[in-house]
1. Within region 60-73, which residues are under 17 Å from residue 31 (Cβ atoms), more than 21 Å from the chain's Cα centre (by Cα) and part of a helix (DSSP H, G or I)?
2. Among the residues of region 20-43, are any surrounded by 13 or more Cβ atoms within 10 Å (Cβ to Cβ), at pLDDT 90 or above and not in a strand (DSSP E or B)?
3. Have a look at 80, 13 and point out the one that is assigned to a helix (DSSP H, G or I), modelled with pLDDT under 80 and in contact with a helix residue (DSSP H, G or I) (Cβ under 9 Å, 6 or more places away or on another chain).
């Protein structure tokens, strides 16, 4: 019987945290459509929650042009909130 992927990931997280007690925060990063890295910084104690439930990032980060301005025609910007 194989180990479920999530259990393997939690084991990896446990091993990492055990091997690196000096790590206080973990950066969760994703590159937007323009290659700009965005994300969140969490405390090490929250890492298990991320593996279990995931994280929420604003969908609007995928609605930015190369200058970092929101492309309102995507429907993910502030104009959508005003209607």
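The values are calculated or read from the model by the stated rules, or taken from the named source; none is laboratory data. None of the values given here were measured: they were computed from a predicted structure. Ideal geometry is used to build each Cβ from the backbone, glycine not excepted, and the neighbour counts take in all protein chains shown.
1. none
2. No.
3. None of the other options fit; the residue is 80.
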